[in-house]
Amino acid sequence: MLEMRSFGTLLRQCRAARDLTQESLSELVGCSPQTLRAFESGRRRPSREMATRLAAALELPQAERGEFVQLARARAPLALADAGAPLPALALPDPAAARPAAPADALIGRGEDLARLESALLHERRRLVTLLGPGGIGKTRLALHAVASLPPSAFDMVAFVALAPVAHASMLVTTIAEAVGCVIAPAQNPEQALLAFLRERATLLVLDNLEHLLVQSQSTAVLALLAAILREAPLAQLLITSRERLRQRDEWVIELTGLALPADERARSIERSAAVALFVERARQIKSDFKLSPANRRAVAQICRMLGGAPLGVELAASWAHVLSCDEIAAEIRHGADMESISDRSLPDRHRSLHAVIDHSWQLLGPDEQLVLLSLSLFRGGAGRDAIAAVLGPEPGGGERPQRALLPLLAALVDKSLLRRQSDATGATRYDLHELVAQYASARLAGQPDVAAAAAERHARFYAGWLAGQDAALKSGEQQRAAQVIIIEMENIRAAWAWACQHGDAHALRQMFFPLDWLYELRGWNAEGEAAFARASAHLHGPVLAGVASESTQICYWLLVAREGWHALRRDPAYAERQMRQAAAAMRGLDPLRGLMHIIKGLAYLQIFAGDYADAEVLLAEALLLARQAGDAWAASVALVVRGVLETLRTDAATARPHLQAALAAARAVGDPRHVTLTLNYLGLSAFGLGQCDEAERACRECLTLAAAHHDRFQMCLALQTLGRVARQRGELSESAWLLGESLSIAREIGDRWLEAQALGHMADLAEAQGNPRQARQHYRAALAVSAAAPLPIALDLLVALAEFELAAQPAAALAALWYAQRHPRVRPQARRRAMVHTDAAPPSPAALALADTFSPDQPAALLALFSA
């Protein structure tokens, strides 16, 4: 039995017993952290649905869940038995598990630096901390150890963002968003979405290797983003690792130098040196019987001094211990640094020595190891064995290179501290180079243009084929896993896309196009989608325009043109429609199957929300026919789902229902969560229209659960709106207010003005039911004002609702608005019928008719001016 004074207290204690932060619990149940805080403070009560989800997320025993929900919905605290009984210690996955793990090896010689960093973050609460130092000095390792040592309660969320693979500052927002779990809705500006996500979260963002994005052409955008995060997210803190200062007012710099060097030549001084300790530890990993002795002590000290105590250089030099004596290692570094100084005397001693160490490490490699290292320099963010083997190319005799033959080479490079082995978010093994080693190998590869060109082509073709192989999973019940593995490889995919654009390779572009297009839509990366497809189409434009392109290239070109338009839809609807119509017309003269149906389904969706239902129906019938001819179940499912949406919007619920049931069956068979949730939402809406509240609730609850699991906040928002209307119909007005309020909150968070306008309209209906006309008027007016950014049919629905509300108080204005709406070509049938009821009963005066005619058909929201506040 549960015993608590209030639900808020119970919720806090259950959450604490599970070691969950408010952030992590809110993500599990699909609400905002602000809402969870309101539950715990007693300012709001959760709905039955939300209380049930909270009980499940907290893994309460089944016997206690009913009481938990009862207490959540009670208007006064319940007195339950077993006062003082302790809550069970339940084992939930540790929310800190999502934090980056500390490196497996010990942090040597950085105790003071670690303490300074922890103090700056935890005690002084510095908002912007920069770990400053040259390459190879150990900034990343210190940052990872610092993060791992933070107490779990210090931050709601800690995210490590590796920026070395990020090629351009334009990718910074989406890279950070992925790291923190911020899903960008289609209507959202990515930066605004990220800022909204971080606004009330106590977040530590670790941005590693920022310096290469601080070049003159990109630094302004980077620094503006960091300033916006600090300004808009007052609980957020930034930890930067960089080779240069940011030179920002709030920056707190912790400068790293080399590890402590021996103060003199005495044995005790050498043995106490942190740099020497690191050398000895790494040497022992290669040569287990290595130890400091009178014979090698001074040579080790000399090695560490020449390298300035830089950890990377010390580790690389120590890896030679199994083939060279310490005196020989010192001589090689000295000789290499001398040669480097001849070519560039401006370099500091430590840099020359470090370069010499990397260069000599290269000289010690066998030909196959050198080839692997060169190939690895092409990857962004590392790679798995399959990708590395593909880029290496065939064996010298022409046979395929087996992955198992690659393993000893990778192991040797790891042992020599040239290569890092790590696990990605899925647990798969990846291999990556330190940035300095990658730069060295890349320069070596550039010196062999033919080898570099062949390797770059193999890299691009591997990722084009690999991405094409993810397409089916991305459009199935495996969508979440598939999206995760694609995003892990995203920088390599972007590099492959750039290669295919540069070389006008339509085959590679087509391989990547379909999965990449769907990922952009799922993730809300519309700006990147528009830019990527525009860049690719520009490279194919010349041959297509000149009439010398193959049919395959033409199909690829028009796909790119159409989907560039689709991803520009929120920015410029007119441009989007022009692009899609032009592409559809061109594709009809080519191979009509997959390419054409992909274009016209998007065009049909655009026409639905423009209110042109007849054109949309024709397009969808064509798309469905083409999909079935091609045997493409996913595309057929899309056509059926969009047809169900069409019928819901243009006809009555009874007519729409069979279309939606057929769409749901097709969507479930394919398994794509996006289409299942969309269809469930509209089935719930149609059931509500038929007065079947129980069925509407079942459909929307299933939708809400599935959408929350896939972080689809658009579908969550729609489901909450219907559930709110169901609660209002049942007379559960406080429940309705909570559900609609949560829907409005999500709509504003994701920046969708259409959903915001609908939520405000439903809240106005609720205020009327509550007998609060003043609040109803405020909500109706706000809804119509917001609808200026929504599709015309939505704006006309809201105009009719406001006019009906104001009919008694302001009849002339209301009748003028109703007359405008009922004659509008984009008005939905139900809204037209409602308007005609009133205009038939009390025909508008000639003055009202003339007034209605003064407003443009493109701006129903402008009629708000007719009504006094």
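The values are calculated or read from the model by the stated rules, or taken from the named source; none is laboratory data. Please read all numbers here as calculations on a predicted model, not as lab measurements. Please note: Cβ atoms are built from the backbone with ideal geometry, for glycine as well, and neighbour counts cover all protein chains shown. With ligands, DNA and RNA removed, areas are computed over all heavy atoms of the protein, side chains included. Shrake-Rupley method; radii C 1.70, N 1.55, O 1.52, S 1.80 Å.
Which one of these is assigned to a helix (DSSP H, G or I) and under 30 Å from the mean Cα position of the chain (by Cα): 412, 464?
One residue alone meets the criteria, 464.
With respect to residue 437, is the statement that it is open to solvent by 40 Å² or more (accessible area, probe 1.4 Å) and closer than 26 Å to residue 134 by Cα true?
Considered against the rule, which asks whether it is open to solvent by 40 Å² or more (accessible area, probe 1.4 Å) and closer than 26 Å to residue 134 by Cα, residue 437 comes out as no.
Tell me, please, whether a residue that is part of a helix (DSSP H, G or I) and modelled with pLDDT of 90 or more can be found in the range 342-362.
yes
Would you pick out the residues in the range 632-650 that are open to solvent by 10 Å² or more (accessible area, probe 1.4 Å) and touching an Asp or Glu at 6+ places or on another chain (Cβ under 8 Å)?
634, 643
Identify the single condition in (1) touching a helix residue (DSSP H, G or I) at 6+ places or on another chain (Cβ under 9 Å); (2) without any contact (Cβ under 8 Å) to a residue 12 or more places away in the chain; (3) open to solvent by 30 Å² or more (accessible area, probe 1.4 Å) that residue 426 does not satisfy, given that it satisfies every other one.
Result: residue 426 passes all but (2).
Of the numbered conditions (1) open to solvent by 20 Å² or more (accessible area, probe 1.4 Å); (2) under 23 Å from residue 502 (Cα atoms); (3) among the aromatic types (Phe, Trp, Tyr), residue 533 satisfies every one except a single condition; which is it?
Status for residue 533: all satisfied but (1).
Taking the residues in the range 719-764 that are surrounded by fewer than 24 Cβ atoms within 10 Å (Cβ to Cβ), in a helix (DSSP H, G or I) and acidic (Asp, Glu) as candidates, determine which candidate is modelled with the highest pLDDT.
It comes out as 735.
Can you tell me which residues in the range 178-203 are touching a helix residue (DSSP H, G or I) at 6+ places or on another chain (Cβ under 9 Å), over 18 Å from residue 716 (Cβ atoms) and of a type in the set (A, V, I, L, M)?
Across the range 178-203, the qualifying residues are 180, 194, 195, 198, 202.
So which of 478, 528, 551 ends up being touching a Phe, Trp or Tyr at 6+ places or on another chain (Cβ under 7 Å) and open to solvent by 10 Å² or more (accessible area, probe 1.4 Å)? Please lay out each step first, then the result.
Details: 478 fails: touching a Phe, Trp or Tyr at 6+ places or on another chain (Cβ under 7 Å); 551 fails: touching a Phe, Trp or Tyr at 6+ places or on another chain (Cβ under 7 Å).
None of the other options fit; the residue is 528.
Of all residues in the range 103-117, which are outside any loop (DSSP other than H, G, I, E, B) and open to solvent by less than 50 Å² (accessible area, probe 1.4 Å)? Show your work before the answer.
Going through the range 103-117, the residues outside any loop (DSSP other than H, G, I, E, B) turn out to be 111-117.
The answer is 113, 114, 117.
For the range 374-423, how many residues meet the condition of being exposed (fewer than 15 other Cβ atoms within 10 Å of the Cβ) and either at pLDDT 95 or above or touching a strand residue (DSSP E or B) at 6+ places or on another chain (Cβ under 9 Å) (or both)?
The total comes to 5.
Before we move on, is residue 629 open to solvent by 40 Å² or more (accessible area, probe 1.4 Å) and assigned to a helix (DSSP H, G or I)?
Details: open to solvent by 40 Å² or more (accessible area, probe 1.4 Å): yes; assigned to a helix (DSSP H, G or I): yes.
Criteria met by residue 629.
Could you please tell me which pairs satisfy a Cβ distance under 7 Å, a separation of 6+ or placement on different chains, a first residue in the range 57-71 that is free of Cβ contacts under 8 Å to residues at least 40 places away in the same chain, and a second residue that is part of a helix (DSSP H, G or I)?
57/25; 57/28; 57/29; 65/55; 69/48; 69/51; 69/52; 69/55
Consider residue 811 carefully, then state whether it is over 18 Å from residue 856 (Cβ atoms) and either open to solvent by less than 60 Å² (accessible area, probe 1.4 Å) or out of contact with any Phe, Trp or Tyr (no Cβ under 9 Å at 6 or more places or on another chain) (or both).
Yes, satisfied.
Can you pull out the residues in the range 778-804 that are open to solvent by 20 Å² or more (accessible area, probe 1.4 Å), without any contact (Cβ under 8 Å) to a residue 60 or more places away in the chain and within 22 Å of residue 737 (Cα to Cα)?
778, 779, 782, 797, 804
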